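A short worksheet on the structure shown next.
None of the figures in this text is laboratory data; all of them are computed from the coordinates on show. Because the structure is a prediction, the values reported are computed rather than measured. As a convention, Cβ positions derive from the backbone with ideal geometry for all residues, glycine included, and neighbour counts pool all protein chains shown.
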2 protein chains.
Amino acid sequence: MKRTLIEKIKERTGQQIKIAGFVHTIRDQGSIKFLIIRDISGTLQVVVTKTSPEALKVAKSLSLESVVEIVGLAKTEKQAPGGIEITAEKISILSLASPGLPIPVVEKGVEETDLQKRLDWRWLDLRKPEKTLVFKVWTLMEQSFREYWTQNGYIEIHSPKFMSTPSESGAELFEVKYFDRKAYLAQSPQFYKQMGMASGFERVFEVGPVFRANPSFTSRHDTEFTGYDTEISFIESHQDVMAEEQKAIRYALERIKEKFGKEISALYGRDLIVPKLPFPQVTMKQAKEILAKLGVPNEKEGDLSPKEERKLSDYIQKKEGHEFVFVTEYPIEVRPFYHMRLESNPKLTKSFDLLWNGLEITTGAQREHRYDVLVAQAKEKGLKLKPIQFYLNFFKYGCPPHGGFGLGPSRMLMKIFNVGNVREVTYLYRGVKRLEP
Amino acid sequence: MKRTLIEKIKERTGQQIKIAGFVHTIRDQGSIKFLIIRDISGTLQVVVTKTSPEALKVAKSLSLESVVEIVGLAKTEKQAPGGIEITAEKISILSLASPGLPIPVVEKGVEETDLQKRLDWRWLDLRKPEKTLVFKVWTLMEQSFREYWTQNGYIEIHSPKFMSTPSESGAELFEVKYFDRKAYLAQSPQFYKQMGMASGFERVFEVGPVFRANPSFTSRHDTEFTGYDTEISFIESHQDVMAEEQKAIRYALERIKEKFGKEISALYGRDLIVPKLPFPQVTMKQAKEILAKLGVPNEKEGDLSPKEERKLSDYIQKKEGHEFVFVTEYPIEVRPFYHMRLESNPKLTKSFDLLWNGLEITTGAQREHRYDVLVAQAKEKGLKLKPIQFYLNFFKYGCPPHGGFGLGPSRMLMKIFNVGNVREVTYLYRGVKRLEP
């Protein structure tokens with residue numbers, strides 16, 4: 001007999017069916033046992049009575065979170081949660097859980113509150129339907145971004161994570177023992193997605209891990225995380241990059257709301273909003289003026305502190321009713337050497353960040369594609385040319401004007417679910433003190 | 001004026017249009033210049049005459065592979081390649097290439113033959129239409145696999161690449177300086193995709209880099225490459241995993257042939273075949289018997305050498321007219337401790353490899369999900385339990401029976417294009433001696 005997913009049981013009431021899943025709860029009522037079985041699609045009540053003595057015997061030996069296969073009759077039952085239950089005829093134990101779970105696998109609200117302990121037993125934590133939901137949404141989010149990109153002529157690349165030199169800057173870089181020499185883990189696919197432009201690929205995207213030896217313990221940082229990166233050619237300015245990004249984000253959020261909006265609302269109390277186009281934007285200068293008027297102290301010269309980001313987002317939310325805001329024209333001091341500068345003011349870059357409800361989720365820019373200008377900007381920043389010569393060479397033999405952005409999907413998820421900690425939306429978090437499980 | 005992609009010019013003959021791309025060739029005929037311009041979608045002839053003296057002046061200053069924007073009249077012209085050309089009215093140089101290209105960017109057959117030199121200048125090499133095609137096909141291949149998975153209820157995971165211990169075996173492992181301790185780069189997402197099963201995700205897939213400190217210089221090996229990995233729960237045996245894999249491969253090849261079959265045939269002389277289901281399969285025992293009959297010496301006890309893989313594939317191709325063959329039931333000696341064993345013969349595993357035209361592209365198996373049996377098998381292999389205890393714990397609190405496979409997309413591409421070297425189908429190859437560009 002083929003297994004039926006719990007969400008499909010409704011279509012099969014009155015029939016003998018087989019289900020499989022985890023034992024979510026066990027309730028004893030004398031000679032009757034009620035089990036709640038959980039599979040990837042939902043939960044279902046199973047009744048075990050004396051009329052199936054073999055099944056009752058097996059049920060008595062069950063521990064919470066054991067994995068079972070149950071054959072029985074599906075029927076409507078008003079008193080059962082969801083209005084359906086199964087009367088067990090046969091129960092087979094596929095995997096018996098050791099008694100005494102290190103953390104309980106229960107509904108939201110009564111869970112183990114110590115985050116570190118939940119991370120230690122992450123696979124038990126992830127069994128909770130509201131945690132599994134995060135990764136169902138991630139799957140659809142990534143699929144949607146990719147659909148946007150492939151439907152718009154982007155080529156997918158998988159760039160190497162090993163690099164020969166500490167390229168952009170030596171800071172926050174992981175060093176690898178590489179046979180008889182050293183290698184470094186890429187902090188972003190920046191240089192290599194730009195190589196795609198020099199290769200004439202015109203539009204590329206990459207999804208992959210990026211590595212940052214960031215020693216901080218904030219709720220937003222980790223030592224490795226997934227990055228979404230794109231780069232597009234033949235642009236007029238960073239505005240073309242922003243136009244692409246907002247369309248992709250809108251497309252993804254539209255699909256997520258459509259498929260998971262109700263569940264997100266029910267389990268997280270977050271009413272997901274599909275953002276209107278175009279997203280509002282302010283220059284860094286305007287942002288600082290707005291913050292000054294709001295009485296928010298200037299905490300970061302030419303850049304925004306987390307607090308300033310929150311305050312600016314609040315202001316835009318109130319004024320424009322929009323959760324997103326692009327901040328543009330960052331001064332050259334806070335941007336890398338390869339960001340192109342404004343023709344009208346060479347102290348400013350053709351760059352942007354994107355904030356969503358107070359959190360920076362993106363950095364982007366038009367890149368400097370003119371070899372001589374790029375070399376001059378690198379020198380001005382005090383960079384040694386030799387370690388980045390391989391990169392500079394990309395611009396020697398013709399390269400279209402181009403730009404792109406990097407977006408953090410886990411930061412997107414923090415805002416989709418309105419949770420404050422990146423650890424909650426990462427499959428297995430990695431930080432300074434955490435390499436396990 | 002908006003730019004028109006070269007492939008769309010046909011729809012706009014008789015109109016003034018703008019194109020942008022690389023200068024592919026320059027041909028001088030006295031007072032007339034013929035340029036071939038190349039963009040991501042194709043190539044186009046541009047004529048520059050004295051009637052546009054400014055354009056002619058710019059054309060004279062052009063070097064090969066410079067990036068230009070050209071405005072002019074599109075018209076049908078029998079003598080032009082493709083039957084269409086543009087008469088240039090205005091040429092703007094977006095990026096002037098240094099003269100003297102280190103490797104030529106020309107059609108297949110007359111290219112620079114030294115592979116190392118081509119890899120040194122990989123972005124110039126990738127400009128050739130037949131090289132760009134590889135990554136267009138990769139994009140569609142990955143999209144197709146993902147479509148198969150998402151349409152069949154798989155959840156996408158991004159598992160960490162940092163691990164705390166040299167887990168599976170200490171061999172071929174990269175060591176990372178991780179703050180005040182050491183970390184290791186994951187050789188596969190094996191343990192973590194199995195964690196997805198212990199998390200109740202039921203079906204997962206992951207696309208990401210895997211790292212192998214393999215010191216060899218063969219045409220099939222690299223130190224990092226992209227892996228496609230899946231794992232599925234509630235299976236009866238490895239046959240369920242194989243059934244899923246062959247359907248996904250067929251789906252992808254069907255779509256690739258549909259969209260790129262003609263181009264692959266024209267540029268690589270390879271007639272892509274959409275494989276019939278089910279794929280043929282032989283046990284390892286049968287494979288060795290077949291090879292013995294063919295007079296192929298037994299080069300690898302219980303396993304197949306590259307030569308044996310080729311000979312076996314040739315045999316299946318002749319006998320069954322099929323390019324694929326599953327080899328099953330590998331002996332426990334050549335398989336890792338977590339492969340489940342056959343009930344009928346505990347010396348053999350419920351495992352398989354998949355060969356495509358003589359190349360191994362996959363390894364898969366049902367996994368041992370019973371804690372006690374798994375521990376016994378680890379001990380039998382001589383493994384220390386402490387470093388893998390975090391993994392063994394996944395099976396302590398209930399875990400469904402499950403299995404999965406890993407597939408190498410670059411090996412798929414080698415067979416799609418019938419090329420013998422993985423370097424040709426990798427965006428930027430990494431090997432013992434190659435970390436640049």
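Within the shell defined by Cβ-Cβ distances under 15 Å, the residues around A:E54 carry a net charge of +3, with Lys and Arg each +1 and Asp and Glu each -1. In nanometres and ascending order, the distances from the A:P102 label point to those of the other copies are 5.0 (point 7 Å from Cα along Cα→Cβ).
Counting only other chain Cβ atoms within 10 Å of each residue's Cβ, the peptide B:339-348 averages 0.
The stretch B:129-189 and the stretch B:193-209 have their alpha-carbon centroids 12 Å apart. Counts of other chain beta carbons within 10 angstrom of each beta carbon in peptide B:177-183 average 5. Across the copies of the chain, B:P53 has label points (7 Å from Cα along Cα→Cβ) spaced 11.1 nm apart, shortest distance listed first.
Screening chain B for whole DSSP H helices of 15 Å or more along their axis (Cα) with average Kyte-Doolittle hydropathy at least -1.0 returns B:129-151, B:238-268. Here is how the number arises for chain B: DSSP H runs of 4 or more residues each give -39500 (n - 2.57), the sum is divided by the residue count, and the result at 222 nm is -9500 deg cm²/dmol.
Across identical copies of the chain, B:N298 has label-point separations of 8.1 nm, listed in ascending order, with the point defined 7 angstrom from Cα along Cα→Cβ. Positive-end ranking of A:S237, A:V419, A:I19 along the dipole of chain A, with charges on Cβ about the Cα centre, is headed by A:I19. Excluding same-chain neighbours fewer than eight residues apart, the lysines reachable from B:K379 by a Cα-Cα span under 23 Å are B:K193, B:K347, B:K350, B:K396.
Per the rotation superposing chains A and B, the chain A residue found at the smallest beta carbon distance from the axis is A:V176, 3, distance in Å. This ranking places B:E333, B:E263 by how few other beta-carbon atoms lie within 10 Å of each, fewest first, which gives B:E333, B:E263. Please list, by residue number, every one of the trypsin sites (Lys or Arg not before Pro) in the stretch A:345-414 that is coil in DSSP and has at most 12 other beta-carbon atoms within 10 Å. Passing sites in the stretch A:345-414 are A:K347, A:K384.
By the Cα gyration tensor, the stretch A:129-425 has an equivalent ellipsoid whose semi-axes, rounded to whole angstrom, run 30, 23, 20 from largest to smallest. Note: relative contact order over chain B, using C-alpha pairs below 8 Å and six or more positions apart, is 12 percent. Based on the Stokes-Einstein relation at 4 °C and a viscosity of 1.567 mPa s, and on the Kirkwood radius from alpha carbon pairs, the protein assembly as shown is assigned a translational diffusion coefficient of 44 µm²/s. Using alpha-carbon positions, what is the distance between the centroids of the stretch A:227-283 and the stretch B:283-299, in Å? Computed from Cα coordinates, the inter-centre distance equals 56 Å. Per-residue mean of foreign Cβ neighbours for B:210-218 is 1 (Cβ atoms of other chains, 10 Å radius). Neighbours of B:N418 by Cβ distance under 10 Å: Lys/Arg scored +1, Asp/Glu scored -1, total +1.
Normalised by the number of residues in the stretch B:117-273, the mean separation of alpha-carbon contacts (under 8 Å, six or more apart) gives a relative contact order of 22 percent. Pairs exceeding a 32 Å alpha-carbon distance, out of A:K247/B:K75; A:K18/A:K131; A:K136/B:K247: A:K247/B:K75. What is the Cα centroid distance between the stretch B:334-362 and the stretch A:49-119, reported in whole angstrom? That distance is 34 Å.
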